[in-house]
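Input: a single structure, listed below in structure tokens.
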Number of protein chains: 2
Amino acid sequence: MKKASLKDIAAMTGTSITTVSLVLNGRAKQMRISDEVAEMIVKTADEAGYVPNQMAVRLRTGKSKLIGIIVDTISGNFFSTLAPIVEQSLAPYGYRIIYAATENEPERTRQVIQMLREQAVEGYILMPHNGMRKELDRLLQDEKPVVLLDMNFEDLELPVVRVDGEQSIIKLVHQLVQKGYQRIGMVTSDHPHAQLQYRLSGYEQGLIELGMPLKKTYIHTVAMKKSREAQLKALSTWLQQKNRPDCVIFSANYLGVLGVEVLQRLGWNMPNDLGMVVFDDQDLFRLYPGGISVIEQPTAQMAESAANLLLQGLGIKKGGRKLEYILPGKTVLRGST
Amino acid sequence: MKKASLKDIAAMTGTSITTVSLVLNGRAKQMRISDEVAEMIVKTADEAGYVPNQMAVRLRTGKSKLIGIIVDTISGNFFSTLAPIVEQSLAPYGYRIIYAATENEPERTRQVIQMLREQAVEGYILMPHNGMRKELDRLLQDEKPVVLLDMNFEDLELPVVRVDGEQSIIKLVHQLVQKGYQRIGMVTSDHPHAQLQYRLSGYEQGLIELGMPLKKTYIHTVAMKKSREAQLKALSTWLQQKNRPDCVIFSANYLGVLGVEVLQRLGWNMPNDLGMVVFDDQDLFRLYPGGISVIEQPTAQMAESAANLLLQGLGIKKGGRKLEYILPGKTVLRGST
DNA sequence: CTGAAAGCGCTTACAG
DNA sequence: CTGAAAGCGCTTACAG
């Protein structure tokens, strides 16, 4: 059965498409359409399984009621907790969400943005990185509200919500040193995620504040393009260097998983053989025997804040003129330190 | 800057919208439009940042180039590995994906399906459960291709791809008994996911085949609506029942996580105090010291098969007339058994 | 080689 | 109380 249109319903009920449209949009009372007619139209439409053709509605009204969320990848904890929350925050206002992943590839990023512009989305929540500045500028030309996740461009003055990775790590470094660790290392990656920069700089800042040496050899960068096996090997070698770190901060979730795997291969125990902290929590760290210390990201809060900022940008919610939400990470010390 | 339309570009180049449309759709050569004109149009459109209004294109052509994927929840491993793969499989054909989560709520399910129908999506991949039969029927009326995930409705003859939960568990039960376990239990949930039924029936079938007693008290059903704490308590009590199971099969990922947490609270070790196997793998089980045995789901394969079936349904790929992909789960025995 | 015109399915002034 | 008509931005026969 083909989908019924307004015209069909009008024909079936012996009325005009104007009347049908009015009734189906709940404006029957307002337009003083007789109850009898209205009722019949509703019933007929329902039976025919009528749904308005959104393409036509949007074309006509110029509103797509669509929000685009652009993240680097959709596989991962961050996205999967973020998405439902944003969705629920926007649903009451009739907004729907389209997700798109850049996979950190410039070409894909271009496509994704082009695609969202074609859909005429009315606003964006996006996690940018330095490499996509040009694409972002293009997008900004449309003058649609944009909320940034995790990083800002200084010259842009866009609303942003992010975790304060820098402060979180600075504080962590202090705590670790207080616990007696002398040679704190950091594992980061060459993933273009801006937060990794904040975190690294927090690590350096923390050591500087404490007057501790900042050794290049204590920073290991995982090459994301390499095979998992190669990543594990490199990390393992690094961990076994002469005068090796006695505690390592893993700058992201997936790096921590890598770390656990390497420790296991080496047969090392935490915290005896090595102290360990990971940025971002997950089941593995929470339930690993003894527990692995983490800095918790307030992802849910980020999602809510982002949704709020966007709603403000859309002119739906009146907000304070607060443009930046910098949320604190929460250190959860468990058995691994 | 407002978005430029065909008309704008036509005005800017002193041509007609027909010509602009033709050129921008790559039909300049075919229509023998002069290179000079074509070039100018392309350049102008590019500078103006022109993107076609998809609302108009779709309304006109009747094609949305949109595929809907309906799952129960988007937070979770299954979805986050499924989605990117399906996306990549369909992208070469110009199809885009819209995700929607039912959260297992009938009302939400209705909304979601309505929403997708409004978008005029051209095909669906969906993970149904018995409770949504009515909504599914409504959707089927549109006569768009639908590929089912995880379960089929016997009277419907829709293409389906699923893991053979039943056989996987039957085999597992045999293996466990061979290992010497005498009192195998199962933890399932009241989540309406069809696979849970298959798995439970595999458990029962396995025991029957081996002539072992099938005790109701050895099956524990987690109440999804309850608080996490309540779930943990109930599971803990059940595990400590008199003549308690010596090995438990956790019917899903999230149930296994619950299991690990309870064992930890009880201070029990695997496999000494209790054997444990989980349906579906994840970092926690893989890297838990000693390892936790699992049945691996071939999620990537499922995604590919589903995408393929859909492509066939859309008439884009010629496939065999294979309507059912039942993929085997893979038992990975680790230290917990 | 290029343009005028119809029509996709809606919404919404405007008329009666 | 209800309908005829314009127009959203496209694509695509059809004409010239």
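Could you run through region B:113-163 and say how many residues are in contact with a Lys or Arg (Cβ under 9 Å, 6 or more places away or on another chain), among the acidic types (D, E) and more than 16 Å from B:L310 (Cβ to Cβ)?
Qualifying residue count, region B:113-163: 1.
Which one is farthest from the other protein chains (Cβ to nearest Cβ), of the residues in region A:101-118 that are open to solvent by less than 10 Å² (accessible area, probe 1.4 Å) and among the polar types (S, T, N, Q)?
Applying the filter and picking the extreme gives A:T109.
If you check A:G14 against the conditions, is it surrounded by fewer than 16 Cβ atoms within 10 Å (Cβ to Cβ) and within 30 Å of B:N53 (Cβ to Cβ)?
Details: surrounded by fewer than 16 Cβ atoms within 10 Å (Cβ to Cβ): yes; within 30 Å of B:N53 (Cβ to Cβ): no.
When the stated conditions are applied, A:G14 does not pass them.
I want to confirm something. Restricting to region A:63-91 and keeping residues that are facing chain B (nearest Cβ under 9 Å) and closer than 17 Å to A:I316 by Cβ, which single residue is nearest to DNA strand C (Cβ to nearest atom)? Quick ask: steps written out before the conclusion?
First, the residues of region A:63-91 that are facing chain B (nearest Cβ under 9 Å): A:64, A:73-77, A:79-81, A:83-84, A:87, A:91.
Cutting the leftovers down to closer than 17 Å to A:I316 by Cβ gives us A:64, A:87, A:91.
Values: A:S64: 13, A:E87: 23, A:A91: 19 Å.
Applying the filter and picking the extreme gives A:S64.
Taking region B:300-333 on its own, how many of its residues are under 16 Å from the mean Cα position of the chain (by Cα), surrounded by fewer than 17 Cβ atoms within 10 Å (Cβ to Cβ) and of a type in the set (A, V, I, L, M, F, W, C)?
So the count comes out to 3.
Failed condition for A:I98, given (1) within 16 Å of DNA strand C (Cβ to nearest atom); (2) of a type outside the set (D, E); (3) within 9 Å of another protein chain (Cβ to nearest Cβ), with all others met?
(1)
Between A:L235, A:L200, A:L207, which is surrounded by 15 or more Cβ atoms within 10 Å (Cβ to Cβ), within 18 Å of A:I295 (Cβ to Cβ) and out of contact with any Ser or Thr (no Cβ under 9 Å at 6 or more places or on another chain)? I'd like the intermediate steps shown before the answer.
Values: A:L235 fails: within 18 Å of A:I295 (Cβ to Cβ); A:L200 fails: out of contact with any Ser or Thr (no Cβ under 9 Å at 6 or more places or on another chain).
After ruling out the rest, the residue left standing is A:L207.
Scan B:K216, B:K226 and give me the residue that is under 30 Å from the mean Cα position of the chain (by Cα), of a type outside the set (A, V, I, L, M) and open to solvent by 30 Å² or more (accessible area, probe 1.4 Å). Give the derivation first.
Details: B:K216 fails: under 30 Å from the mean Cα position of the chain (by Cα).
The unique qualifying residue is B:K226.
All but one of (1) of a type in the set (S, T, Y); (2) assigned to a helix (DSSP H, G or I); (3) within 11 Å of DNA strand D (Cβ to nearest atom) hold for B:T44, so report the exception by its number.
(3)
Exactly one of these conditions fails for A:T299: (1) within 14 Å of chain B (Cβ to nearest Cβ); (2) more than 26 Å from A:I170 (Cα to Cα). Give me its number.
Condition not satisfied by A:T299: (2).
Which is within 43 Å of the chain's Cα centre (by Cα), near DNA strand C (Cβ under 8 Å from one of its atoms), within 14 Å of chain A (Cβ to nearest Cβ) and surrounded by fewer than 20 Cβ atoms within 10 Å (Cβ to Cβ), of B:A4, B:A48, B:A56?
Working: B:A4 fails: near DNA strand C (Cβ under 8 Å from one of its atoms); B:A48 fails: near DNA strand C (Cβ under 8 Å from one of its atoms).
Being within 43 Å of the chain's Cα centre (by Cα), near DNA strand C (Cβ under 8 Å from one of its atoms), within 14 Å of chain A (Cβ to nearest Cβ) and surrounded by fewer than 20 Cβ atoms within 10 Å (Cβ to Cβ) holds for just one of B:A4, B:A48, B:A56, which is B:A56.
Where the second residue is at pLDDT 85 or above and near DNA strand D (Cβ under 8 Å from one of its atoms) and the first is on the phi < 0 side of the Ramachandran plot and not assigned by TED's automatic domain parsing to the domain that holds A:A48 and lies in region A:12-34, which pairs have Cβ atoms under 9 Å and are six or more apart or on separate chains?
Matching pairs, first to second residue: none at all.
When you go through B:I69, B:I74 one by one, which is the residue that is among the aliphatic types (A, V, I, L, M) and assigned to a loop (DSSP other than H, G, I, E, B)? Before the answer, list the steps.
Numbers: B:I69 fails: assigned to a loop (DSSP other than H, G, I, E, B).
Exactly one of B:I69, B:I74 is among the aliphatic types (A, V, I, L, M) and assigned to a loop (DSSP other than H, G, I, E, B), namely B:I74.
Kindly establish whether B:K43 is at pLDDT 85 or above, more than 14 Å from chain A (Cβ to nearest Cβ) and surrounded by fewer than 16 Cβ atoms within 10 Å (Cβ to Cβ). Give the derivation first.
Working: at pLDDT 85 or above: yes; more than 14 Å from chain A (Cβ to nearest Cβ): yes; surrounded by fewer than 16 Cβ atoms within 10 Å (Cβ to Cβ): yes.
Yes; evaluated as a whole, the condition is true for this residue.
Kindly evaluate B:A230 against the criterion of being away from chain A (no Cβ under 12 Å), part of a helix (DSSP H, G or I) and without any contact (Cβ under 8 Å) to a residue 60 or more places away in the chain. Working first, answer last.
Details: away from chain A (no Cβ under 12 Å): yes; part of a helix (DSSP H, G or I): yes; without any contact (Cβ under 8 Å) to a residue 60 or more places away in the chain: yes.
When the stated conditions are applied, B:A230 passes them.
Please enumerate the residues belonging to region A:1-22 that are aliphatic (A, V, I, L, M) and not in a loop (DSSP other than H, G, I, E, B).
So the first thing to find is which residues in region A:1-22 are aliphatic (A, V, I, L, M), and the list is A:1, A:4, A:6, A:9-12, A:17, A:20, A:22.
Hits for region A:1-22 are A:L6, A:I9, A:A10, A:A11, A:M12, A:I17, A:V20, A:L22.
Just one of A:L235, A:L311, A:L323 is in the same structural domain as A:E143 (by TED's automatic domain parsing) and either β-branched (V, I, T) or touching a Gly at 6+ places or on another chain (Cβ under 9 Å) (or both); which is it?
Details: A:L235 fails: in the same structural domain as A:E143 (by TED's automatic domain parsing); A:L323 fails: either β-branched (V, I, T) or touching a Gly at 6+ places or on another chain (Cβ under 9 Å) (or both).
Being in the same structural domain as A:E143 (by TED's automatic domain parsing) and either β-branched (V, I, T) or touching a Gly at 6+ places or on another chain (Cβ under 9 Å) (or both) holds for just one of A:L235, A:L311, A:L323, which is A:L311.
Do the conditions hold for B:V37, that is, is it more than 8 Å from DNA strand D (Cβ to nearest atom) and among the β-branched types (V, I, T)? First the steps, then the outcome.
Numbers: more than 8 Å from DNA strand D (Cβ to nearest atom): yes; among the β-branched types (V, I, T): yes.
Yes.
Residues that are in contact with a helix residue (DSSP H, G or I) (Cβ under 8 Å, 6 or more places away or on another chain), open to solvent by less than 40 Å² (accessible area, probe 1.4 Å), within 30 Å of B:A300 (Cα to Cα) and within 16 Å of DNA strand D (Cβ to nearest atom): does region B:68-88 have at least one?
No: zero hits.
Sort through B:Q297, B:Q282 and tell me the only one that's buried (at least 19 other Cβ atoms within 10 Å of the Cβ), within 17 Å of B:P328 (Cα to Cα), touching a residue at least 24 places away in the same chain (Cβ under 8 Å) and under 25 Å from the mean Cα position of the chain (by Cα). Give the derivation first.
Details: B:Q282 fails: within 17 Å of B:P328 (Cα to Cα).
After applying the criteria, what remains is B:Q297.
So, B:Y218, is that one touching a strand residue (DSSP E or B) at 6+ places or on another chain (Cβ under 9 Å) and closer than 21 Å to B:S336 by Cβ or not? Spell out the reasoning first.
Working: touching a strand residue (DSSP E or B) at 6+ places or on another chain (Cβ under 9 Å): yes; closer than 21 Å to B:S336 by Cβ: yes.
Against the criterion (touching a strand residue (DSSP E or B) at 6+ places or on another chain (Cβ under 9 Å) and closer than 21 Å to B:S336 by Cβ), B:Y218 qualifies.
Quick check on A:A100: is it in contact with a helix residue (DSSP H, G or I) (Cβ under 8 Å, 6 or more places away or on another chain) and of a type outside the set (V, I, T)? Show your work before the answer.
Working: in contact with a helix residue (DSSP H, G or I) (Cβ under 8 Å, 6 or more places away or on another chain): yes; of a type outside the set (V, I, T): yes.
So A:A100 passes the test.
So which residues in region B:141-172 are open to solvent by 40 Å² or more (accessible area, probe 1.4 Å) and either among the acidic types (D, E) or within 14 Å of chain A (Cβ to nearest Cβ) (or both)?
Once the filter is applied, which keeps residues that are open to solvent by 40 Å² or more (accessible area, probe 1.4 Å) and either among the acidic types (D, E) or within 14 Å of chain A (Cβ to nearest Cβ) (or both), region B:141-172 yields B:Q141, B:E143, B:K144, B:E154, B:D155, B:E157, B:E166.
I need every pair where a residue in region A:182-202 that is within 19 Å of A:V71 (Cα to Cα) has its Cβ under 6 Å from the Cβ of a residue that is part of a loop (DSSP other than H, G, I, E, B) and among the charged types (D, E, K, R), sequence separation at least 6 or different chains.
Listed pairs, sorted by first residue: A:A194/A:D150; A:Q195/A:D150.
From the set of residues in region A:17-33 that are at pLDDT 85 or above and open to solvent by 40 Å² or more (accessible area, probe 1.4 Å), which is nearest to the chain's Cα centre (by Cα)? Before the answer, list the steps.
Here is the first cut: in region A:17-33, the ones at pLDDT 85 or above are A:17-24.
Among the residues that remain, those that are also open to solvent by 40 Å² or more (accessible area, probe 1.4 Å) are: A:17-18, A:24.
Values: A:I17: 43, A:T18: 43, A:L24: 37 Å.
This residue is A:L24.
When you scan region B:13-23, do you find a residue that is within 13 Å of DNA strand D (Cβ to nearest atom) and facing chain A (nearest Cβ under 9 Å), even just one? Give the steps one after another, and end with the answer.
From region B:13-23, those within 13 Å of DNA strand D (Cβ to nearest atom) are B:15-23; that's our starting set.
Remaining after also requiring facing chain A (nearest Cβ under 9 Å): none.
Checked against the condition, which is being within 13 Å of DNA strand D (Cβ to nearest atom) and facing chain A (nearest Cβ under 9 Å), region B:13-23 yields no hits at all.
Specify which of the listed residues (A:V248, A:V257) is part of a strand (DSSP E or B) and under 29 Å from A:N130 (Cβ atoms).
Values: A:V257 fails: part of a strand (DSSP E or B).
Only one candidate qualifies: A:V248.
The values are calculated or read from the model by the stated rules, or taken from the named source; none is laboratory data. Note that the coordinates shown come from a computational prediction; the quantities given were computed from them, not determined experimentally. Quick reminder, even Gly has a Cβ in these numbers, built from the backbone with ideal geometry, and neighbours come from all protein chains shown. What goes into the accessible areas is simple: the full protein's heavy atoms, side chains included, and nothing from ligands, DNA or RNA. Shrake-Rupley method; radii C 1.70, N 1.55, O 1.52, S 1.80 Å.
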